[in-house]
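**Q** Right, I'll just put the structure down here and ask away after.
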Amino acid sequence: MTIKHRNPFVFVIGCPRSGTTLMQRMLDAHPDLTVANDTHFITRAAKRELRKVADPKFSTQLMEQVESYHRFRRLGLEHEDVVQAAQGAEQYSDFVRRLYDLRGAKMGKLLSGEKTPDYCRRIPVLHQLFPQARFIHVIRDGRDTALSALQWATAGKGPGRWSLWQEDAVGTCALWWRWQAGTGWNDGHALGKAHYMEVKYEALVREPDVELQKVCSYLHIPYSEQMARFHEGKTIKNPGLSAKSAWLGPTPGLRDWRRDMDAGDVAVFDAIAGKLLDKTGYKCRKYSKIQSVNQRVDRCLEWWSDNGRRNKG
């Protein structure tokens, strides 16, 4: 099979806790495609340089910054691979392309991509570096994303990094989802359908074969039944493990805000992130004015106005 390609071939993005790992594992099971998991290095290792120019000139310093970045090893490459990728590279994008080419070769696959959820806030930067790359934005109902984040986040992780977390965790999740998913939605739609696709998490777990066929059509690669069966032989039967750690297959109903979220918390979330819920196809409930809810919402929006820009790192 001949596939026109240039790596990195695809970026899987989305607000963390929205199902991006599920999509990554499905794509990685394709016989022609490998997708790395949460390396973050492309924008973070060259953060200073990318603030100055769209595609920095390659340098030994940039190579060292990339290789020393704490998540880089997740790409599965050794020092010799990094040195090989650096040979003849003129721009940062040349170097990164070769890194993903080498990962693909190691995995025995032609196509090589990346899943880093937070890249939903880096679409313009990544598009300038890699104009051919495609983005798959996994979107999940923000209220279910919040339920997952409430169990996952800590003082140093996710929305737990924000000082507002200790005061109103649900309100923080609403701001966080609105920021992450909303940035990806806005920048993705500006990019256009040729380079941007949205996949609803709920549809993906309900009808994985149907959704994955759409994904393959978008990527111009043949559909493989192996994608929906990525978990076979890997699932761990332990009720104490998360769906991710247990390598569960597509499982509807893992979170349900209608069942599991307090009515007041739902009202706060909808008041803060309702516009994005509507934009992304999730119905926002309308509430009569409740003083306790209004006070929480006002406090969260005030915090965002004062601290949001500073806390967006």
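Taken together, the values in this text are just the output of simple stated rules run on the coordinates, not laboratory data. Since this is a predicted model, take the numbers as computed values, not measurements. Neighbour counts run over all protein chains shown; Cβ positions are idealised from the backbone, glycine included.
**Q** Any residue that is of a type in the set (A, V, I, L, M, F, W, C), in a loop (DSSP other than H, G, I, E, B) and either in contact with a Pro (Cβ under 6 Å, 6 or more places away or on another chain) or under 21 Å from A273 (Cβ atoms) (or both) - is there at least one of those in segment 82-91?
**A** To start, the set of residues in segment 82-91 that are of a type in the set (A, V, I, L, M, F, W, C) comprises 82-83, 85-86, 89.
Of the ones still in play, those that are also in a loop (DSSP other than H, G, I, E, B) are 89.
Among the residues that remain, those that are also either in contact with a Pro (Cβ under 6 Å, 6 or more places away or on another chain) or under 21 Å from A273 (Cβ atoms) (or both) are: none.
The answer is no, given that none of the residues of segment 82-91 is of a type in the set (A, V, I, L, M, F, W, C), in a loop (DSSP other than H, G, I, E, B) and either in contact with a Pro (Cβ under 6 Å, 6 or more places away or on another chain) or under 21 Å from A273 (Cβ atoms) (or both).
**Q** Name the residues in segment 101-122 that are among the charged types (D, E, K, R), part of a strand (DSSP E or B) and either farther than 26 Å from Y282 by Cβ or out of contact with any helix residue (DSSP H, G or I) (no Cβ under 6 Å at 6 or more places or on another chain) (or both), would you? Spell out how you get there, then give the answer.
**A** To start, the set of residues in segment 101-122 that are among the charged types (D, E, K, R) comprises 101, 103, 106, 109, 114-115, 118, 121-122.
Cutting the leftovers down to part of a strand (DSSP E or B) gives us 114-115.
Passing the criteria: only E114.
**Q** Does P222 fit the bill of being of a type outside the set (A, V, I, L, M, F, W, C) and touching a residue at least 60 places away in the same chain (Cβ under 8 Å)? Break it down into steps so the answer makes sense when it comes.
**A** Numbers: of a type outside the set (A, V, I, L, M, F, W, C): yes; touching a residue at least 60 places away in the same chain (Cβ under 8 Å): yes.
In short, yes.
**Q** Continuing with this model, one more query. Residue check, L77 against (1) under 19 Å from T34 (Cα atoms); (2) assigned to a helix (DSSP H, G or I); (3) of a type in the set (A, V, I, L, M, F, W, C), all met but one. Which one?
**A** (2)
**Q** In segment 1-49, what count of residues is obtained for those that are aliphatic (A, V, I, L, M) and either in a loop (DSSP other than H, G, I, E, B) or within 18 Å of A85 (Cβ to Cβ) (or both)?
**A** Matching residues across segment 1-49 total 7.
**Q** A further question follows. Pick from segment 204-232 the residues that are surrounded by fewer than 18 Cβ atoms within 10 Å (Cβ to Cβ) and either basic (K, R) or under 17 Å from the mean Cα position of the chain (by Cα) (or both): which of them is farthest from G113 (Cα to Cα)?
**A** The qualifying residue farthest from G113 (Cα to Cα) is R206.
Rundown of residues vs (1) under 19 Å from F41 (Cβ atoms); (2) outside any helix (DSSP H, G or I); (3) touching a helix residue (DSSP H, G or I) at 6+ places or on another chain (Cβ under 7 Å); (4) not hydroxyl-bearing (S, T, Y), yes/no style:
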| residue | (1), (2), (3), (4) |
| --- | --- |
| S93 | yes, no, yes, no |
| R97 | yes, no, no, yes |
| P124 | yes, no, yes, yes |
| H137 | no, yes, yes, yes |
| Q151 | no, no, no, yes |
| P159 | no, no, yes, yes |
| W176 | no, no, yes, yes |
| G188 | no, no, yes, yes |
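**Q** Is it the case, given these coordinates, that A36 is of a type in the set (G, A, S), more than 30 Å from G249 (Cβ to Cβ) and crowded, with 17+ Cβ neighbours inside 10 Å? Steps first, please.
**A** Working: of a type in the set (G, A, S): yes; more than 30 Å from G249 (Cβ to Cβ): no; crowded, with 17+ Cβ neighbours inside 10 Å: yes.
When the stated conditions are applied, A36 does not pass them.
**Q** Considering only helices (runs of 4 or more DSSP H) fully contained in segment 242-313, which possess at least 3 residues that are over 23 Å from the mean Cα position of the chain (by Cα) and aliphatic (A, V, I, L, M)?
**A** Numbers: elements: 257-260, 263-279, 291-307.
In segment 242-313, the matching helices (runs of 4 or more DSSP H) lie at 263-279, 291-307.
**Q** Now, a different point. Among the residues of segment 98-113, are any touching a Lys or Arg at 6+ places or on another chain (Cβ under 7 Å) and over 21 Å from T20 (Cα atoms)?
**A** Filtering segment 98-113 for residues touching a Lys or Arg at 6+ places or on another chain (Cβ under 7 Å) gives 112.
Add one more test, that the residue is over 21 Å from T20 (Cα atoms), and what stays is none.
Taking every residue of segment 98-113 in turn, none turns out to be touching a Lys or Arg at 6+ places or on another chain (Cβ under 7 Å) and over 21 Å from T20 (Cα atoms).
**Q** Among (1) of a type in the set (F, W, Y); (2) buried (at least 19 other Cβ atoms within 10 Å of the Cβ); (3) within 23 Å of V35 (Cβ to Cβ), there is one condition W162 misses while meeting the rest; what is its number?
**A** All conditions pass for W162, except number (3).
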